[in-house]
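Below is one structure, written out as structure tokens, with a few remarks after it.
The values are calculated or read from the model by the stated rules, or taken from the named source; none is laboratory data. These numbers were taken from a predicted model, which means no experiment stands behind them. Methodologically, a virtual Cβ is constructed for each residue, glycine included, from the backbone with ideal geometry; neighbour enumeration extends over all protein chains shown. Just so you know, the surface numbers come from the protein's heavy atoms only, side chains and all, with ligands and any DNA or RNA stripped out. Shrake-Rupley method; radii C 1.70, N 1.55, O 1.52, S 1.80 Å.
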Amino acid sequence: MDLLTLLSNLSDGMIVSIQIFALTLVLSLPLGLIVALGRMSKNPILRNFVKVYISFMRGTPLMLQLMVVYFGPYYILGLSMPRGYRFYAVIIGFALNYAAYFAEIYRGGIESMSVGQYEAAKILGYSKMQTFFRIIMPQVIRRIIPSITNEVITLVKDTSLAYVISVTEMFTVARAVASAQANMMPYVAAGVFYYVFNFVVATVMEKIENKLSYYR
């Protein structure tokens with residue numbers, strides 16, 4: 001199989017992997033901030049509920065969580081989901097899982113800020129909302145970029161776990177082609193794809209970090 005034919009066969013899987021990656025980030029980054037704020041809430045019920053959620057998401061395999069999201073509606077509630085739900089289940093599972101990790105990163109960054117900044121903002125007449133979004137969060141984002149980058153790179157590789165509920169992302173397609181052709185080249189091509197994808201992600205995140213360097 002020549003290279004162009006191989007890439008043509010793998011292209012659909014590449015697109016699905018990129019979709020999983022992009023949609024997970026779009027959903028999990030803001031959700032992670034909401035979860036982090038819940039984790040720091042003064043309400044003990046909310047705080048403990050979010051704490052259990054984070055513990056469960058970080059303490060169980062993502063593969064298992066995907067299976068629960070996909071098969072749960074039928075086995076628990078007796079609901080028959082449409083065929084297209086398979087892809088949505090992947091996005092839901094990934095977003096909920098990564099939101100838990102991002103939440104702890106956000107929390108660490110927010111709690112690392114000195115109390116003096118809140119007090120100074122209050123003296124200057126800023127509301128709590130203005131203080132958080134205009135003063136605290138820009139600095140938090142700068143501090144947590146390296147940790148966020150690590151999770152984003154992991155996400156690129158974790159997209160391959162979608163195969164567990166038969167979503168035909170990059171790894172699933174590569175495995176099928178390799179099996180049909182009795183050839184290792186599809187695996188090599190998949191490895192190159194993940195490496196290049198991660199290289200691009202790391203480069204973009206580094207540029208973002210450099211642009212925010214004025215907070216040092």
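General remarks:
- Size of electric dipole in the chain: Cβ of Lys, Arg +1 and of Asp, Glu -1, about Cα centre, debye, nearest 20: 840
- Karplus-derived HN-Hα couplings along region 84-99 (A = 6.51, B = -1.76, C = 1.60, θ = phi - 60°), whole Hz, x at Gly and Pro: x, 5, 3, 5, 4, 4, 4, 5, 4, x, 5, 4, 5, 5, 6, 4
- Alpha carbon Rg of region 76-216, scaled by the compact-globule rule 2.2 N^0.38 Å: 1.46
- Helical contribution to [θ] at 222 nm, DSSP H n ≥ 4, -39,500 (n - 2.57), averaged over the chain, rounded to 500: -26500 deg cm²/dmol
- Taking all C-alpha pairs of region 52-158, those more than 18 Å from each other amount to 61 percent.
- Entry comment: accessible area of region 72-216 is 57 Å² per residue, from protein heavy atoms only and a probe of 1.4 Å.
- Ratio of Rg to Rh over region 26-91 (Cα coordinates, Kirkwood Rh, two decimals): 1.06
- Region 93-152: chymotrypsin sites (Phe, Trp or Tyr not before Pro) in DSSP coil with no more than 16 other Cβ atoms inside 10 Å: Y126
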